[in-house]
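Before any comments, here is the structure.
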Amino acid sequence: ACSHRLWPEIENTVMEQVAMAKLGVGECGAGWQLFAEDGEMKMYRREEEMNGLVVDPLKAVHVVKGITGYELCHYFFSPQYRYDWETTLEHMVVVETISEDTIVFQQTHKRIWPASQRDAVFWSHMRKLSDDQDTEGPGLWAVVNKSTELPNYPANAGKCVRVYLTVCLLCQTLVNPPKNGGPVTREDISCKITYCSVVNPGGWAPASVLRAVYKREYPKFLKRFTAYVINQTKDKPITF
Ligand SMILES: O=S(=O)(CCO)c1ccc(-c2ccc(C3CCCC3)c([C@H]3C[C@H]3c3ccccn3)c2)cc1
């Protein structure tokens, strides 16, 4: 995989995205505004436009009990589960499997009225990161998705407007070993999640419409996805 043409970009993007994900939303002076909250899940956005297009960066933080960072990243990265949890997905193609941890996708998303239908072409990479603090711990896992150009999937060639996205799912597993020294069970683990995304909608769509869609779709997506992983893993051995 290190020889692949995308490798340098993947390496740089992962480092940059993980560094950004680790930054707290800090004092809200940094422009992050809380727009959705549900229990442990908090969603922030910054209102940003690029030549008239809404490209509001999104940062969500969440803590989920009973699953590991590896498990969350595995179900997020692996194509075979995506239709189960990604409700806005109309069609997904695995364009290229660069390695077991790097895949190129083409996805068509269901049309969200009144915007025209969108598609995305992006590479997706999953990786374990060394957790600076404790090296031997379960550590940090991340999946980074970033739009890329593919000659065989030219942008805006068919009915869909091409979106440009950069997404980072950063997960830290927290283990609370049982007092009695017994084996670690799912009651003793939780996962701290940071999900960052910037989606440039490609073609024009009304700012009010896009912001309403983001406000509705992102909380739904993160809640549905985490519930899906909890359900998929509850009767399986823990994978760190
Ligand atoms: O995390 S991923 O990599 C998971 C792999 O599927 C991801 C997440 C989000 C998107 C996406 C793509 C298009 C749109 C919009 C833009 C104009 C009209 C459609 C949106 C906005 C609508 C928001 C949204 C948020 C979450 C889920 C779906 N929809 C989001 C794509 C990939």
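What's the long-distance tail for region 81-240, i.e. % of Cα pairs beyond 21 Å? Each step should come with its number before you reach the end.
Values: 7021 of 12720 pairs.
The answer is 55 percent, as a whole percent.
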>> Of Gln80, Ala60, Ser99, which is farthest towards the positive pole of region 5-105's charge dipole, taken about the Cα centre with +1 and -1 on the beta-carbons of Lys, Arg and Asp, Glu respectively?
In response: Ala60
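Over the chain, what is the relative contact order in whole percent, taking alpha-carbon pairs under 8 Å and six or more residues apart? If you can, show how the numbers build up before the last one.
Values: 457 pairs, mean separation 57.2, N = 240.
Value for the chain: 24 percent.
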> For the chain, what is the accessible area per residue in Å², given a 1.4 Å probe and the full set of protein chains?
Replying inline: 49 Å²
> Using only helices, what value at 222 nm comes out for the chain when you add -39,500 (n - 2.57) per DSSP H run of length 4 or more and divide by the total residues, to the nearest 500 deg cm²/dmol?
Replying inline: -7500 deg cm²/dmol
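May I ask you to order 169-181, 136-148, 214-226 by the average number of other C-beta atoms within 10 Å around their residues, highest value first?
Numbers: 169-181: 15.2, 136-148: 20.2, 214-226: 17.2.
Highest to lowest by the protection proxy: 136-148, 214-226, 169-181.
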> What is region 153-240's relative contact order, in percent, from Cα pairs under 8 angstrom and six or more apart in sequence?
Replying inline: 30 percent
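Using only the C-alpha atoms of region 1-73, find the volume of their convex hull and express it per residue in Å³. Numbers along the way, then the final one.
Details: hull volume 10.1 nm³, N = 73.
Dividing the Cα hull volume of region 1-73 by its residue count gives 139 Å³.
For region 1-88, give the percent of accessible area contributed by carbon and sulfur heavy atoms, probe 1.4 Å, rounded to a whole number.
Working: 2330 of 4280 Å².
Here it works out to 54 percent.
Could you please state how large a percent of the accessible area of region 125-192 is carbon and sulfur, counting protein chains only and using a 1.4 Å probe?
On the way: 1940 of 3640 Å².
Accessible surface attributable to carbon and sulfur in region 125-192 totals 53 percent.
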> In Å, what is the Rg of the alpha-carbon atoms in region 8-133, and how long is Dmax?
Replying inline: 16.6, 48
> Once you treat every alpha carbon in region 194-240 as an equal point and sum by Debye, what is log10 I(q)/I(0) at q = 0.15, 0.20, 0.23, 0.28 Å⁻¹?
Replying inline: -0.57, -0.78, -0.90, -1.08
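Could you calculate the contour length gain from Gln117 to Thr185, that is, 0.36 nm times the residue separation minus the distance between their Cα atoms, to one decimal place in nm? Write down the numbers at each step before the final one.
Numbers: separation 68, 0.36 × 68 = 24.48 nm, distance 4.39 nm.
The span from Gln117 to Thr185 would gain 20.1 nm if fully extended.
The values are calculated or read from the model by the stated rules, or taken from the named source; none is laboratory data. Given the structure is predicted, the values throughout are model-derived calculations rather than measurements. Here Cβ is always computed from backbone atoms with ideal geometry, including for glycine, and neighbour counts include all displayed protein chains. The accessibility values were calculated without ligands, DNA or RNA, using every heavy atom of the protein model including side chains. Shrake-Rupley method; radii C 1.70, N 1.55, O 1.52, S 1.80 Å.
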